[in-house]
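The values are calculated or read from the model by the stated rules, or taken from the named source; none is laboratory data. Note that the structure is a prediction, hence the values are computed from the model and not measured. When we count neighbours, we look across all protein chains shown, and the Cβ atoms used for this are built from the backbone with ideal geometry, even at glycine. Accessible surface is based on the protein model in full, side chains and every heavy atom, while ligands, DNA and RNA are left aside. Shrake-Rupley method; radii C 1.70, N 1.55, O 1.52, S 1.80 Å.
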Amino acid sequence: MSACSAPTEPLDCCVDDAGDVLIEARGNEPFWNLTVFETRVELNRLSEEQQRFAWQQNDDGHYQLFISHGSGAVGSATFEEKVCRDSMTGMPYPKTAIVKLGEDSYHGCAGDPSELLTPGEWQITHVKGKDIAANVDVSINFGVNGEAFGNSGCNRFVGHYSYTGENFQLNQLASTRMACPSTQMDTETEVLEALGDVVLFDVNEDGALHLITHSGEYLRAILK
């Protein structure tokens, strides 16, 4: 049986096996979430019964939604490559989502927040509002499996990152113990202290990463 991605074919939407998740979206006021599977789309709205749709992708990021084969589209889901921040928690997501169903329209965020962290190595340029000295190398990398590692100014460090819908943390940070000149050591102390206090991250319009601490101070980083 073909998947529901070809709703013009004689299909029954949707087969029991939904297949892999392709993308997820969510929003607030009212609370809703939408999941695009290989074989169907599922839309959940607060206090309403789940709805399932066949889908057809017209172009990158735009999906038409159908009740069944042979019928016209009843809605659409569009995912734009633009950073979106959850309106309640501030957590950033890599895509902005707009779901339209009849006369109703829902706006929210989509994708996995970790996609914003893992495109490459980040050069940390500021810590707690101060520029990092030009001759001090401070960097951080985020792996797809939750690992974090980098250079804190003198020594290498390793650890893990984790996040929920409301916060972001760097955990179990450990570093080597090589001695360096005082400028590097002072920078390292500030960097490791700040990394251990991170509770949120954000990505600015210029692409800079901010690792934000509990007190609202942050480390600023740019992709190398």
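Looking across segment 56-83, the residues that are assigned to a strand (DSSP E or B), open to solvent by 20 Å² or more (accessible area, probe 1.4 Å) and either more than 11 Å from Val99 (Cβ to Cβ) or at pLDDT below 90 (or both) come down to Gln56, Gln57, Asn58, Asp59, His62, Gln64, Ala73, Val74, Glu80.
When you look at Thr183, is it polar (S, T, N, Q), in contact (Cβ under 8 Å) with a residue 40 or more places away in the chain and open to solvent by 60 Å² or more (accessible area, probe 1.4 Å), yes or no? Yes; evaluated as a whole, the condition is true for this residue.
Just wondering, is there one or more residues in segment 206-223 that are in contact (Cβ under 8 Å) with a residue 12 or more places away in the chain, within 20 Å of Gly120 (Cα to Cα) and not in a strand (DSSP E or B)? Yes, segment 206-223 contains at least one residue that is in contact (Cβ under 8 Å) with a residue 12 or more places away in the chain, within 20 Å of Gly120 (Cα to Cα) and not in a strand (DSSP E or B).
A single member of Phe157, Phe149 is farther than 17 Å from His210 by Cβ, buried (at least 16 other Cβ atoms within 10 Å of the Cβ), in contact with a Phe, Trp or Tyr (Cβ under 9 Å, 6 or more places away or on another chain) and in contact (Cβ under 8 Å) with a residue 24 or more places away in the chain, and it is Phe157.
Taking (1) open to solvent by less than 20 Å² (accessible area, probe 1.4 Å); (2) closer than 30 Å to Cys180 by Cα in turn, Asn141 satisfies each apart from (1). The single condition among (1) over 22 Å from Thr89 (Cα atoms); (2) in contact (Cβ under 8 Å) with a residue 40 or more places away in the chain; (3) under 16 Å from the mean Cα position of the chain (by Cα) that Val127 does not satisfy is (3).
Each row is one residue, and each column tells you yes or no for (1) modelled with pLDDT of 95 or more; (2) acidic (Asp, Glu).
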residue: Ala110; (1), (2): yes, no
residue: Trp122; (1), (2): yes, no
residue: Lys130; (1), (2): no, no
residue: Ala133; (1), (2): no, no
residue: Asp137; (1), (2): yes, yes
residue: Thr164; (1), (2): no, no
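Return the residue satisfying two criteria in turn: it lies in segment 78-132 and is touching a helix residue (DSSP H, G or I) at 6+ places or on another chain (Cβ under 9 Å) and among the β-branched types (Val, Ile, Thr), and of such residues it is farthest from Asn28 (Cα to Cα). Result: Ile132.
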